[in-house]
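Reading through the structure tokens given below for one structure.
The values are calculated or read from the model by the stated rules, or taken from the named source; none is laboratory data. Note that the structure is a prediction, hence the values are computed from the model and not measured. Please note: Cβ atoms are built from the backbone with ideal geometry, for glycine as well, and neighbour counts cover all protein chains shown. Note: areas computed on protein heavy atoms with side chains; ligands, DNA, RNA excluded. Shrake-Rupley method; radii C 1.70, N 1.55, O 1.52, S 1.80 Å.
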Amino acid sequence: MLVLEPLVPVDGSLPPGVLTGLTEVYASNPGFHRATGDFPDPGSVTPEQVASSVDAELAHPAAEVLLARDDADGSLVGLAVTLAEHPDPADPFPWIGLLMVHGSRHRSGLGREIAGLVEERLRARGRDAVRLAVLDSNPGASAFWRSLGYRVIDHREDRQLGRPCSVLHKDLPPGPPRTIGG
């Protein structure tokens, strides 16, 4: 069982224990970083790079970084980044900007569980749909999201680096409430 909790910087910085855990999660995913090109050396991710990446996410006023913790021992096993609104005012939907699971826990169902908890948070806030973009260089991620009921609605370049990607959408019909963290 997982708990999602919003990341809240302390005095403008990530708490040391959180930064250590996030660095472990990021560093355990070199294949993802090779696909995205977000880190210069995917095999050697540093705390400074992770802090910079997370700070960049938090700089967007509509962003929320959610830490996924194992309910049994409190260990950080993943994270999700959401946007309450897309930077394009013509797009009224919330977005999932990132979902990452610790590499040692891939294929364990944690990604599916984190995605479900994120969707439940959005539903609880009155949102009835969510979108995300998947880089075309990451077909495994596309397959993952499609298996969760997301459908491709567009192909375009990402806003940051102009990389080709697919935009996916999922309706969030009302459902029975679940216990969610944060």
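Counting heavy atoms of the protein chains only and a 1.4 Å probe, report the per residue accessible area for the range 1-126 as a whole number of Å².
47 Å²
Given contacts defined as C-alpha pairs under 8 Å and at least six residues apart, what's the relative contact order of the range 1-149, whole-number percent?
23 percent
With the chain treated as a Gaussian network of Cα nodes joined by springs under 10 Å, which of 157, 24, 64 yields the largest mean-square fluctuation?
157
Rounded to the nearest angstrom and ordered from largest down, what semi-axes does the equivalent ellipsoid of the chain get from its C-alpha gyration tensor (root of 5λ)?
Over the Cα atoms of the chain, the ellipsoid semi-axes are 23, 20, 17 Å.
What does the charge count around residue 135 come to, taking other residues whose C-beta lies under 13 Å from its C-beta (Lys +1, Arg +1, Asp -1, Glu -1)?
0
Where the only charges are on Cβ atoms (+1 Lys, Arg; -1 Asp, Glu), what is the dipole of the range 1-113 about its Cα centre, to the nearest 20 debye?
Magnitude of the dipole: close to 440 debye.
For the chain, with the dipole built from +1 on Lys and Arg beta-carbon atoms and -1 on Asp and Glu ones, taken about the Cα centre, which of 90, 174, 104 lies farthest toward the positive end?
174
Okay, helix-only estimate at 222 nm for the chain: each DSSP H run of n ≥ 4 adds -39500 (n - 2.57), divide by all residues, round to 500 deg cm²/dmol; what do you get?
Rounded to the nearest 500, the figure is -9000 deg cm²/dmol.
Among 129-141, 46-58, how do they line up by average Cβ neighbours within 10 Å per residue, starting with the highest?
The most tightly packed comes first, giving 129-141, 46-58.
With the full set of protein chains in place, find how many percent of the accessible area of the chain is carbon and sulfur; take the probe as 1.4 Å.
Exposed carbon and sulfur together represent 53 percent of the surface.
Give the relative contact order (percent, whole number) for the range 38-103; include only Cα pairs under 8 Å separated by 6+ residues.
Answer for the range 38-103 is 21 percent.
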